[in-house]
1. Obtain the nm distance between the two label points defined at residue 21 and residue 51 by a simple spin-label model: each point lies 7 Å from its Cα along the Cα-to-C-beta direction.
2. For Cα Rg over 2.2 N^0.38 Å, the choices are (1) 0.99; (2) 1.22; (3) 1.06; which was calculated from the structure?
3. Of all the accessible heavy-atom surface of the range 1-69, with the other protein chains kept in place and a 1.4 Å probe, what percent is carbon and sulfur?
4. Amide H of residue 126 versus every other amide H placed in the peptide plane: which residues, excluding those fewer than 5 positions away on the same chain, fall under 5 Å?
5. At a 10 angstrom cut-off on C-beta neighbours, averaged per residue, how do the peptides 18-27, 133-142 rank from highest to lowest?
6. Name the long-range amide H neighbours of residue 40: under 5 Å, sequence gap of 5 or more, or other chain; modelled H, no Pro or chain starts.
7. List the residue ranges in the chain for DSSP H helices whose C-alpha atoms run 27 angstrom or more along the long axis and whose Kyte-Doolittle average is 0.0 or above.
8. Roughly speaking, to the nearest percent, how much of the range 93-138's 1.4 Å accessible area is carbon and sulfur?
Amino acid sequence: MKIRSNKIDYLMEVLCLVLLVGLTIYLGISWSSLPDKIPAHYDFAGNIDRWGKKGELLIVPIMSWFLYLMITGLEQIPSIWNTGVKVTAENKYRVYRVLKYMVKSMKLIMVMDFSYLTINSLSGKSLPGWFTLLFMVIFFGDLIFWLWRLFKVR
């Protein structure tokens, strides 16, 4: 089954690509001026709890690109998605439409989070204390919202 993309799908896709391409360009431009040691890990409160070599900065953007491409590929094969609800001829479009929104929004949240973490590490600062909690609220709030919609449409 092919689920047609709409304007919201395209907007989320463009935002993901703008963030990833922008982050990659920004990292490339600033590479030579980066210090040899950068924040490599943060605790729950946002404090730096490990410093690493600047080469470690490449891990998160590479992982972001990899996950983005894998999720984008999996979006094209809805027949392998675990819907969590019984899919019938009557609800098939609605179920897969909700799941497509969920996958795209989760992908955008992941890209935004990883981009922010990388840019923050480039600055050499601790994360704001609210960052982890806010990310978790947004991530799980989005997940709960789409699951609620999914069980509502079945």
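1. Placing both labels 7 Å beyond Cα along the Cβ direction yields 3.6 nm.
2. (2)
3. Values: 3290 of 4620 Å².
Within the range 1-69, the accessible surface is 71 percent carbon and sulfur.
4. HN-HN under 5 Å from residue 126: empty list.
5. Numbers: 18-27: 15.2, 133-142: 13.0.
My ranking of the peptides, most packed first, is 18-27, 133-142.
6. Amide H to amide H, under 5 Å and 5 or more residues apart or across chains, residue 40 pairs with 50, 51, 52.
7. 7-30, 92-123, 131-153
8. On the way: 1570 of 2040 Å².
Of all accessible area on the range 93-138, carbon and sulfur atoms account for 77 percent.
The values are calculated or read from the model by the stated rules, or taken from the named source; none is laboratory data. The structure presented is a predicted model; accordingly, all values stated were derived computationally and were not measured. Positions of Cβ are backbone-derived with ideal geometry, glycine not excepted, and every protein chain shown enters the neighbour counts. Each accessible area value is taken on the protein alone, full model and side chains, heavy atoms only, with ligands, DNA and RNA left out. Shrake-Rupley method; radii C 1.70, N 1.55, O 1.52, S 1.80 Å.
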